[in-house]
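Worksheet for the structure shown next.
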Amino acid sequence: MENISNEPKPLDVLVLAAGLGTRMRSDLAKVLHRLDGRPLINHVCRAATALAPRKIYVVIGHQGEDVKKAVLEELDERHTEFVWQRQQLGTGDAVNAAREFLANEDSTLLVLSGDVPMIRAETLAALVQQHYNHRGRGAACTILSVKLDDPKGYGRIVRDDAGFFSRIVEQKDASEEERQIKEINSGIYCFNTQKLFSTLSSVRNDNAQGEYYLTDVPALLRDEGEGVSLYHHTDAREVAGINNRVELADLERILSRRTVSRMMLDYGVSFIDPKNAYVSEQASIGRDTVIYPNVSIEGETTVGDGCTIRQGTRITNSRIGHGVTILDNCVITDSEISNDCTVGPFAHLRGHAKMEEKSKVGNFVEMKKTILGRESKASHLTYLGDATVGEKTNIGAGTVTCNYDGVRKNATTIGNNVRIGSDTMLVAPVKIGDGAVTGAGSVVTKDVPPDSLVVGAPARVKKNFRDTENEKNESQAEGGAA
Ligand code: UD1
Ligand code: CA
């Protein structure tokens, strides 16, 4: 007969995230520590959402409000429920905190740990599938297990002589013989929701840690004649739980190496020193781009084709076009750089700075919330904040937009084909018209009309090119001497 699978029940997810994580030796709750720039809990939630569950319940406790905030950056509020566990009495107690929400649901419950961040949605889907298919009837509980060379610290899976599931024993409660077992409990399970909660009531805390262990539930179910299934997974790294900072750093490295390899093999990116480049899993980099040592590309950053990024630059949540050269030691956050631009060395772009095509930002230039127009240049020692600069304009060395009057941030608007002289102070709000020129060292406090030269401190209009031009033309028309 064909394999008759258990009629799938609606799927809910429960993420355990109330613990402090003592072994992190941190004031920050463990699940808020970051991997690839995102809190651990967000990685778990993202994998869970991919299964399109009915609802995701998150058990919170330590720094619960902060955990809630982090989770809501990842999940839709309408499909998320937070459950408080006021005292952390163990993983069994954590699940029990959700009793009032779940105990009577005719559903399947996928239980995840907030500190197992590498888990993939595909693996979870396979686990759920086996849970439904177990012996053609479905299981009451399916445990995701994995074999580890060094299983220390994890709960061990004890099998009976026939190789079927017998029980889970925690490291601290295990005998010398049981500690030799290499198959471990990943802390990821599928349960028949009602059976889980009815059995949970019988869990006691008479163990080495004096905690209510969720890991006691599968053996209790088995004793009641329920089906307990093991889903044995082969990629151990995926279910690695983070308990201390060494494990966190290991995963960070693994993740970045994996991303860098993928970029070299699949996207044709060159890394001069792949071991010393950090690239977020969320970033993308184009073909024939060359990345030098000690470059960090973080968050949702995209870099186009044929770019060069030199040593020591960090780029976070930014968009870089094609053919862009970014020289050494630049910091670029939340900004946009269009095709064929040059940046750095030692440049700082932040707060939605935007460089239009073929523009240039040089040494010790900072741009904040500023648009630098096509083919415009700010080559040395300049601060441009809350400014809009037109096309083909040159900003001289040492120029500062004085954008802050102590209360408000004010805007500076600079037109096309403008030449701002070295060391010009632009006291905002101020507008510089197209084709205007400021003399070296001018302090510009009033709008500058188009095509005029201003000088001095405070700068006053000295002449108007258009008028001079007109005078010249007029006198020429009159046949006068120039
Ligand atoms: C747990 C398992 C162990 C498994 C390992 C896999 C138990 C008793 N042991 O051990 O078999 O091999 O995970 O990574 O379950 N939490 C709460 N409230 C609590 C206690 C914990 O919400 O009262 C949360 C933690 O925040 C964490 C998760 O549950 O996200 C796991 O807790 P943790 O203390 O890390 O369990 P392990 O000792 O790793
Ligand atoms: Ca853990």
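For the chain, what is the mean residue ellipticity at 222 nm derived from helices alone (per DSSP H run of n ≥ 4: -39500 (n - 2.57); sum divided by total residues; nearest 500 deg cm²/dmol)?
It lands at -5500 deg cm²/dmol.
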Q) Volume per residue, Å³, of the convex hull around the alpha-carbon atoms of segment 207-247? A) 106 Å³
Q.
Net charge within 14 Å of ALA378 by Cβ-Cβ distance, Lys/Arg positive one each and Asp/Glu negative one each, not counting ALA378 itself?
A. +3
Q: Calculate how steeply helix 245-267 sits against the longest principal axis of the alpha-carbon atoms of the chain, using the helix alpha-carbon long axis, and give the answer as 0 to 90 degrees to the nearest 10.
A: 60 degrees
Q | Local electrostatic count at ALA428 - Lys and Arg +1, Asp and Glu -1, tallied over other residues with Cβ under 13 Å | A | +3
Q) What FRET efficiency comes out for the pair THR308/LYS182, r = Cβ-Cβ distance, R0 = 30 Å, nearest 0.05? A) 0.05
**Q.** Surface share of carbon and sulfur [accessible, 1.4 angstrom probe, percent] for the chain
**A.** 46 percent
(Q) Can you tell me which lysines have their Cα less than 20 Å from the Cα of LYS55? Leave out same-chain residues fewer than eight positions away. (A) LYS9, LYS68, LYS69, LYS195
Q: Roll a 1.4 Å probe over the protein chains and send me the accessible area per residue for segment 347-482 in Å².
A: 51 Å²
Q) Counting every Cα pair in segment 239-364, what percent are over 27 Å apart? A) 17 percent
Q.
Going by Cα centres, segment 322-375 and segment 192-215 are how many Å apart?
A. 57 Å
Q) Pulled fully out, how much extra length does the chain show between SER198 and ARG78, if you take 0.36 nm times their separation in residues and subtract their Cα-Cα distance? A) 40.4 nm
Q. So for the pair LYS68, ARG99, with labels modelled 7 Å out along Cα→Cβ, what separation do we get in nm?
A. 2.3 nm
Q) Highest mean first, what order results for 265-272, 106-113 on Cβ atoms within 10 Å? A) 106-113, 265-272
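Once R0 is set to 22 Å, what does the formula 1/(1 + (r/R0)^6) return for the Cβ-Cβ distance between ARG23 and ALA126, expressed as a FRET efficiency to the nearest 0.05?
0.15
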Q) Label ARG258 and ARG137 with points 7 Å out from Cα along Cα→Cβ: what is the distance between them in nm? A) 3.7 nm
Q) What is the distance in Å between the Cα centres of segment 168-187 and segment 67-131? A) 24 Å
Q: May I ask you to give the solvent-accessible area per residue for segment 66-185, in square angstrom, as obtained with a 1.4 angstrom probe?
A: 49 Å²
Q. Tell me, what HN-Hα J-couplings in whole Hz come from the Karplus equation 6.51 cos²θ - 1.76 cosθ + 1.60 at θ = phi - 60° for each residue of segment 362-371, using x for Gly and Pro?
A. x, 4, 6, 10, 10, 10, 10, 6, 9, 9
(Q) At 7 Å along Cα-to-Cβ for each site, give me the label-to-label distance between ALA208 and ALA440 in nm. (A) 7.6 nm
Q: Taking the Cα centre of segment 322-372 as origin, sum charge times position over the Cβ atoms of Lys and Arg (+1) and Asp and Glu (-1), and report the length of that vector in debye to the nearest 20.
A: 160 debye
Q. Across all directions of projection, what mean area in square nanometres is found for the Cα convex hull of segment 359-482?
A. 7.8 nm²
Q: Take the Cβ-Cβ distance between ARG54 and LYS392 as r, set R0 to 60 Å, and report the resulting FRET efficiency rounded to the nearest 0.05.
A: 0.55
Q. Computed from the mean reciprocal separation of all distinct C-alpha pairs, what Kirkwood hydrodynamic radius does segment 64-128 have, in Å?
A. 13.8 Å
Q | q = 0.22 Å⁻¹: log10 I(q)/I(0) that the Debye formula gives for segment 221-267, counting C-alpha atoms only | A | -0.85
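The values are calculated or read from the model by the stated rules, or taken from the named source; none is laboratory data. Note that the coordinates shown come from a computational prediction; the quantities given were computed from them, not determined experimentally. We place every Cβ from the backbone using ideal geometry, glycine too, and count neighbours over all the protein chains shown. These area figures cover heavy atoms from the full protein model, side chains too; ligands, DNA and RNA do not enter into them. Shrake-Rupley method; radii C 1.70, N 1.55, O 1.52, S 1.80 Å.
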